[in-house]
There are 4 protein chains.
Amino acid sequence: MAVQQVDGKIPRSKENDYTLEEAARRREFLLERTGVKLEHVAEGSFDPALAQGNIENFIGVAQVPLGVAGPLLVNGEHAKGEFYVPLATAEGTLVASYNRGMRLLREAGGVLTTVMDDAMQRAPAFLFETARDARAFSEWLDEHFDEIKEIAESTTRAGRLRDIEKYTASHIIFCRFNYTTGDAAGQNLTGKATAVACEWIRAHYPRLEHYFLESNFATDKKSSQVNMLHTRGKRVVAEATVPGELVKEIMHADTELLWRARLVSNLGGFMSGANNNGAHSANGITAVFIATGQDVANVAESSAAFNYGELRPNGDFYFSVTIPSLIVATYGGGTGLATQRECLELLGCYGKGKVHKFAEIIAATVLCGELSLGSAIVAEEWVKAHDLFGRNRP
Amino acid sequence: MAVQQVDGKIPRSKENDYTLEEAARRREFLLERTGVKLEHVAEGSFDPALAQGNIENFIGVAQVPLGVAGPLLVNGEHAKGEFYVPLATAEGTLVASYNRGMRLLREAGGVLTTVMDDAMQRAPAFLFETARDARAFSEWLDEHFDEIKEIAESTTRAGRLRDIEKYTASHIIFCRFNYTTGDAAGQNLTGKATAVACEWIRAHYPRLEHYFLESNFATDKKSSQVNMLHTRGKRVVAEATVPGELVKEIMHADTELLWRARLVSNLGGFMSGANNNGAHSANGITAVFIATGQDVANVAESSAAFNYGELRPNGDFYFSVTIPSLIVATYGGGTGLATQRECLELLGCYGKGKVHKFAEIIAATVLCGELSLGSAIVAEEWVKAHDLFGRNRP
Amino acid sequence: MAVQQVDGKIPRSKENDYTLEEAARRREFLLERTGVKLEHVAEGSFDPALAQGNIENFIGVAQVPLGVAGPLLVNGEHAKGEFYVPLATAEGTLVASYNRGMRLLREAGGVLTTVMDDAMQRAPAFLFETARDARAFSEWLDEHFDEIKEIAESTTRAGRLRDIEKYTASHIIFCRFNYTTGDAAGQNLTGKATAVACEWIRAHYPRLEHYFLESNFATDKKSSQVNMLHTRGKRVVAEATVPGELVKEIMHADTELLWRARLVSNLGGFMSGANNNGAHSANGITAVFIATGQDVANVAESSAAFNYGELRPNGDFYFSVTIPSLIVATYGGGTGLATQRECLELLGCYGKGKVHKFAEIIAATVLCGELSLGSAIVAEEWVKAHDLFGRNRP
Amino acid sequence: MAVQQVDGKIPRSKENDYTLEEAARRREFLLERTGVKLEHVAEGSFDPALAQGNIENFIGVAQVPLGVAGPLLVNGEHAKGEFYVPLATAEGTLVASYNRGMRLLREAGGVLTTVMDDAMQRAPAFLFETARDARAFSEWLDEHFDEIKEIAESTTRAGRLRDIEKYTASHIIFCRFNYTTGDAAGQNLTGKATAVACEWIRAHYPRLEHYFLESNFATDKKSSQVNMLHTRGKRVVAEATVPGELVKEIMHADTELLWRARLVSNLGGFMSGANNNGAHSANGITAVFIATGQDVANVAESSAAFNYGELRPNGDFYFSVTIPSLIVATYGGGTGLATQRECLELLGCYGKGKVHKFAEIIAATVLCGELSLGSAIVAEEWVKAHDLFGRNRP
């Protein structure tokens, strides 16, 4: 087994592993082991050194098709004006669908966007001998918040410990250490800061039996009710009121029918236990995430959404989407990579002080997609179905 | 407004939009409008014609760093032997962490994988005047399943209508038309087939008041309890029994502590209303999805997971992960794109007859990641925290 | 400790424990131990022998105040005409509120009720060495359904095994053995039948490692998504269309406002992760349950509900409630007790062949209560608040 | 229709409706209309005047069989010593099962109980024109907390406004006004106080478009994740460590098997989307609620529970149950009714200053029931099944 392992082990340079040579050496190794030549993978246009801190065992790049939709008219606090949104995807019609929704909402006067809340967390669990001990600790924690905050923040420039939420069961206190994290998404920052805080707690609270740095209350890379209630990343609302006429003209749909579909979808979402009573916010979010170097696995949380609409007596349609756990960064992580940075720059969102602007643009994009697919379900799909039905009947 | 729109409209060729020239023309347009030059985006290595059907308003590529982990030893029904898994991500340590887990489970004899179920769905809602009418329709639907199946399947070569699940509320019958879809993920296929079936139903069931092709019961691009219960895409289990000694040696962790962390995480996942009681399956899944041309927005569903373990009296640790809604394809969608196809080929998973093999490899990958992060939480994280704590104290 | 236990042990007759004497002896014992004399508890009007099979350590009765609401006009398949509904509660205004709703819906032409589905279950889990073994068993189970059905039904006169739902994770097959149970609620019946079926399975499927008769998939005395999706007990819909004018006249409320409140409540229910997006169905259900000898702990499941409305252009309000897991009996359990039987008789629902009628009456009752409280929230509550506010301001 | 209504209307005295005569008159009326004579219902032992404020259209009493279990040994902060617990139920074996569990835990040294939190709420929603307006209001609300608290508390002697939780979506702020309510359950008190607070807010915040006093965030008479996370009523933990030997002796079960069943039940509860990963807490809670005059419809919320156990290396079993939303009163509501008060007195829990003691006794009772049924599932049930199986095979 040992020999086999030596044979099978992926080559790696201990001195400098982020070079074209090392990437080539690994591709060569894979060719030997699997017979597959990675030609396009090899065609990255940037210096591998740039990817240090983003990847290990670097072999090249995945080239994901990039399209652009717009102009998207945003009336935000941070994003103001027209934007061209880069979308990286392999799903045909996605860009076209978002583009169509952007046209609709631009004609309707644009999308109003608001960042409602902002928090990133790490969720340690503290275990005690009894529930009563746990409760005592919970009180102690409140009393020592200032010290804990100081310790936690000593590890980070951007992170600020906002508050500590507590949830109890058995002899365990589950905590959510909530931070603001500037323009970084902040998962690492909060992890580090909370780890240090936990060690301080352990040193100063001897009755603590044990703690785990993470307890599934964060809930990183997962969708959860707690994050839908309490925000992870940014909580953003996008809203617009669309004239009934415009929906008819551009979407070939009817707001009355759109509305009825919404009612049924709301019920469907409630019954099915979904994390989203809307249409497909994950599509737009994922495509922007890949384009701009976000941590794409956060689509798990970021896919949650609350859609809420009101049909006005005159046929106008007020529509909104609330994204309760949108995890975004304009700094750090993959944002500085070659194409990723270009895409952020295209939105005027690269670097410091831009993360709320970026969140607003994404929320506005999502709203356009919701209206576009919503309309399609009540309008074109049927036409298409007619066609197909005709075609398939002899 | 009209003028503004002409100005702002993204250029597009009605004849042939998938050329280097058109992509360049759009980048030129974006440069004019935003002042941003997309240089690295322009450096795709493949003919844009290949991306037709995958993207609109093509402007180039997102270059996502690609690393490789392995060898991963899989004892599947479809995947047998060692694999090198391509992971596209910008999250540092992800590849290293999966790699470490793969080493552990290879030494433990590999990962046993099983595809338990396979279904892709479209979920129309049928509306009636009263609940009693809805119930009558529900019975009619059962009686006419064979005809509906024939109509639905007339639109597709790969799709087979397996069954129709029904859920009722008010005067509405929510259906899930469940299909097997061969090696395609099948969302489009099932949409088309169900659209035609719905039109046939409408023509043959006059008391139907209205239907919507989708009702949030699918639940495409969302996480939901119904999909966790009833499978969307593939339902795959990966399992392994790891000797306690091995965990100590490779992970510097203790199975007893790992186990206790699991109990706390289980409770945390239950209390927080998470779609996953495990660690971070979305990380591995997303990275493989981007690398291999999957519809990455499906991370929303695919991030759901059930972790289940048993600590054996001798300290060995049985551990398993069940992914109830893993949406994968080895054919169609983005699988034929340049780097994506190479990555599928690296796994011997490109093309027809490979989708179960591919699902097994992903599940095995996920299990490695779960054990790796799980161990880190109980072992190294603390060490790291100690360091940090030390460093930050004068 | 042993002596202490003898002292503290509640007296009990091994020969015939269901007598007035034994009840008195226990009350005497409690008086000695606690100094509390149970005078009203002693005042039951029936022979304790009647309570055999319903209670142990019988000491008397809880006297719960009983009111009556009605007439309730039901247009059911089983319940037709006007009913006076007995409600046992200690919550002031409950009877009045239901009564007011019944008046509204009677004037509106009555409540249309439909039993959509009927199933009671026991949910054993079958454990195997591997997931693959579990999958093989799952197939075997399908193939042997007829035999299992025969065995299960051999233990019961009323129960019929309808089908076996299966849910898989790890090396476990979770099953729901779904029965129809006639006029009994059927929890005991299904428990017994499934226990025998499981033993037969164990005898005939040697690779089975272990099974548990219940696995939290039933989910008895708990609320769950699986029961909201798949029915436990009866799935009943009550619906009505109420003229806007009538709502104004009787409820002093406005359908437009009622409708808007509904939209907000729907969103609230979705966000809060509730098992019910309506108002207070549990109130009516609990009061009928206590009055009629149901297993009141089943309020846990029976409290789930889907409310769905549509505001018609003319201001009429279509409103419906779907109770997905209403657990009721007109035979067995507590239905034959003295006051309980009288209350069932009041509804014409005592004994065999009455359970669907009874389910319809409850659903109709619930709908009346939903409209009544819904109206109160948008109408009178405010008036009341005004009063209070005025009163409290000098 | 009008005539019909006069005929059908239940008789009622405007002067004094709570007399034996009026109750008799209504029973007479029901006899005429339905032919059913309510004889046992008529046999209440208390003066109807006592039921004023608890019921309308009083016709008599439901007589629910009452049994007693104990002694229950509680090591609480408020409940200390041995208790005999009155249980009103019609479900055979319930009292016996709890009794058996009480014996087990008494031998194990008793049940440790802790009240972790205490809050009752009313949840108004505030609507604005835009999300941005909503956010501004949210800040205003924080700034004016002291004034709002003063206004709210002006309506109540026992209620204290602890804090206001806020949840946002679209242009809506959903609030939870959290109160402590002394020995009352407090739903009415919080309703009244919040109504007045809302009117004050309306008067002082002109940009408020509309509010609804309740928005499904309370979530009264419903089970919800928000209440499982944040407490409604009392949050109580009961815990005990049971020697393996004792489980064998008293329960004829094995802690190792009990433990394995727990693991499977945990997974079942997570997959099925249950509000409770335990066995049957609703049974004990409901029986105590009926006996002691609680608002039994609150079983909907009170049925939620988190079970958590640890199997110790020596075979001892640490087991705990956390009830996150136990709604109880020892004062007000139905607690002063005849038998209800006697039952509270039996526990030494009638009147002021007793509610935490009462919550502890219930939690301890629940823990006994969880262990008892848990053991039965792994032990006796099988034996019983053997018997049955044998008996039914010729």
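Look through the range C:296-337, keep the residues that are more than 25 Å from C:ALA279 (Cα to Cα) and open to solvent by less than 10 Å² (accessible area, probe 1.4 Å), and return whichever of them is farthest from the other protein chains (Cβ to nearest Cβ).
Applying the filter and picking the extreme gives C:THR330.
Please verify whether A:ASN75 is modelled with pLDDT of 95 or more, polar (S, T, N, Q) and open to solvent by 50 Å² or more (accessible area, probe 1.4 Å), treating the condition exactly as stated. Lay out the reasoning, then the answer.
Numbers: modelled with pLDDT of 95 or more: yes; polar (S, T, N, Q): yes; open to solvent by 50 Å² or more (accessible area, probe 1.4 Å): yes.
So A:ASN75 fits the description; yes.
State all residues of the range C:229-239 that are open to solvent by less than 10 Å² (accessible area, probe 1.4 Å) and not acidic (Asp, Glu); if no residue qualifies, say none. Please lay out each step first, then the result.
Kept after step one, since they are open to solvent by less than 10 Å² (accessible area, probe 1.4 Å), are these residues of the range C:229-239: C:229, C:231-239.
Passing the criteria: C:LEU229, C:THR231, C:ARG232, C:GLY233, C:LYS234, C:ARG235, C:VAL236, C:VAL237, C:ALA238.
Out of the range A:256-282, which residues are in contact with a Leu (Cβ under 6 Å, 6 or more places away or on another chain) and in a helix (DSSP H, G or I)?
Our first condition is that a residue be in contact with a Leu (Cβ under 6 Å, 6 or more places away or on another chain); within the range A:256-282, this holds for A:259, A:279-280.
Scanning the range A:256-282 gives a single hit, A:TRP259.
Which one is surrounded by the fewest Cβ atoms within 10 Å (Cβ to Cβ), of the residues in the range C:283-295 that are in a helix (DSSP H, G or I) and under 8 Å from the mean Cα position of the chain (by Cα)?
Once the filter is applied, the top-ranked residue is C:ILE285.
Per-residue answers, yes or no, for (1) more than 7 Å from chain C (Cβ to nearest Cβ); (2) polar (S, T, N, Q); (3) within 18 Å of the chain's Cα centre (by Cα):
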position	(1), (2), (3)
D:ALA51	no, no, no
D:GLN63	no, yes, no
D:LEU66	no, no, no
D:ALA69	no, no, no
D:GLU77	yes, no, no
D:GLY101	yes, no, no
D:THR114	yes, yes, yes
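Kindly list, by first and then second residue, each pair from a residue in the range D:333-362 that is closer than 20 Å to D:ASN298 by Cα to a residue that is part of a helix (DSSP H, G or I) and open to solvent by 10 Å² or more (accessible area, probe 1.4 Å), limited to pairs with Cβ atoms under 7 Å and residues at least 6 apart or on different chains.
Once the first residue is closer than 20 Å to D:ASN298 by Cα and sits in the range D:333-362, its partners that are part of a helix (DSSP H, G or I) and open to solvent by 10 Å² or more (accessible area, probe 1.4 Å) give D:THR335/D:ARG341; D:LEU337/D:LEU50; D:CYS349/D:LYS357; D:TYR350/D:ARG341.
How many residues, within the range B:240-266, are at the interface with chain A (Cβ under 9 Å from one of its Cβ atoms), open to solvent by 10 Å² or more (accessible area, probe 1.4 Å) and in contact with a strand residue (DSSP E or B) (Cβ under 7 Å, 6 or more places away or on another chain)?
1
Residues C:ARG312, C:ARG341: which one is of a type outside the set (Ser, Thr, Tyr), at pLDDT below 95 and at negative phi?
Of C:ARG312, C:ARG341, the one residue that is of a type outside the set (Ser, Thr, Tyr), at pLDDT below 95 and at negative phi is C:ARG312.
Does the range B:303-310 contain any residue that is part of a strand (DSSP E or B) and within 14 Å of the chain's Cα centre (by Cα)?
yes
Do any strands (runs of 3 or more DSSP E) entirely within the range B:160-212 hold 2 or more residues that are free of Cβ contacts under 8 Å to residues at least 40 places away in the same chain, surrounded by fewer than 22 Cβ atoms within 10 Å (Cβ to Cβ) and in contact with a strand residue (DSSP E or B) (Cβ under 9 Å, 6 or more places away or on another chain), and if so, which?
Fully inside the range B:160-212 and qualifying: B:160-169.
Can you give me the number of residues within the range D:258-291 that are of a type in the set (A, V, I, L, M) and either without any contact (Cβ under 8 Å) to a residue 24 or more places away in the chain or within 30 Å of B:HIS230 (Cβ to Cβ) (or both)?
Residues of the range D:258-291 of a type in the set (A, V, I, L, M): D:258, D:261, D:263-264, D:267, D:271, D:274, D:279, D:282, D:285, D:287-288, D:290-291.
Now restrict to residues that are either without any contact (Cβ under 8 Å) to a residue 24 or more places away in the chain or within 30 Å of B:HIS230 (Cβ to Cβ) (or both): D:261, D:263-264, D:267, D:271, D:274, D:279, D:282.
Result for the range D:258-291: 8.
Just to be sure I understand the filter: pairs with C-beta atoms under 9 Å, separated by 6 or more residues or on different chains, first member in the range D:143-157 and of a type in the set (Phe, Trp, Tyr), second member surrounded by fewer than 19 Cβ atoms within 10 Å (Cβ to Cβ). Which pairs pass?
These pairs meet every condition: D:PHE145/D:ASP163.
Inspect the range C:19-31 for any residue being assigned to a loop (DSSP other than H, G, I, E, B), at negative phi and either surrounded by 14 or more Cβ atoms within 10 Å (Cβ to Cβ) or not aromatic (Phe, Trp, Tyr) (or both) and give the result as yes or no. Lay out the reasoning, then the answer.
Going through the range C:19-31, the residues assigned to a loop (DSSP other than H, G, I, E, B) turn out to be C:19.
Adding the requirement that they be at negative phi leaves C:19.
Retained after the next criterion (residues that are either surrounded by 14 or more Cβ atoms within 10 Å (Cβ to Cβ) or not aromatic (Phe, Trp, Tyr) (or both)): C:19.
Yes, there is a match, as at least one residue in the range C:19-31 is assigned to a loop (DSSP other than H, G, I, E, B), at negative phi and either surrounded by 14 or more Cβ atoms within 10 Å (Cβ to Cβ) or not aromatic (Phe, Trp, Tyr) (or both).
Condition (residue is buried (at least 17 other Cβ atoms within 10 Å of the Cβ), modelled with pLDDT of 95 or more and more than 7 Å from every other protein chain (Cβ to nearest Cβ)) applied to the range C:35-42: is it met by at least one residue?
yes
Within the bounds of the range D:36-44, is there any residue that is assigned to a strand (DSSP E or B) and among the hydrophobic types (A, V, I, L, M, F, W, C)?
no
Residues in the range A:267-277 that are in contact with a helix residue (DSSP H, G or I) (Cβ under 6 Å, 6 or more places away or on another chain) and within 8 Å of chain B (Cβ to nearest Cβ): how many? If you could, list the steps in order and put the result at the bottom.
First, pick out the residues of the range A:267-277 that are in contact with a helix residue (DSSP H, G or I) (Cβ under 6 Å, 6 or more places away or on another chain): A:270, A:272-273, A:277.
This time we only want the ones that are within 8 Å of chain B (Cβ to nearest Cβ), so: A:272-273, A:277.
Count: 3.
Which of the numbered conditions does B:THR241 fail, given that it passes all the others? Conditions: (1) in a helix (DSSP H, G or I); (2) of a type in the set (Val, Ile, Thr); (3) out of contact with any helix residue (DSSP H, G or I) (no Cβ under 8 Å at 6 or more places or on another chain).
(1)
Starting from residues that are open to solvent by less than 10 Å² (accessible area, probe 1.4 Å) and of a type outside the set (A, V, I, L, M), keep the ones in the range C:80-109 and report whichever is farthest from D:ARG26 (Cα to Cα).
C:GLY101
Taking the range C:213-228 only, how many residues are assigned to a loop (DSSP other than H, G, I, E, B) and crowded, with 24+ Cβ neighbours inside 10 Å?
10
The values are calculated or read from the model by the stated rules, or taken from the named source; none is laboratory data. These figures come from a predicted structure and were not determined experimentally. So basically every Cβ, Gly included, is an ideal-geometry build from the backbone, and we count neighbours across all protein chains shown. In case anyone asks, the SASA skips ligands and DNA or RNA and just uses the protein heavy atoms, side chains included. Shrake-Rupley method; radii C 1.70, N 1.55, O 1.52, S 1.80 Å.
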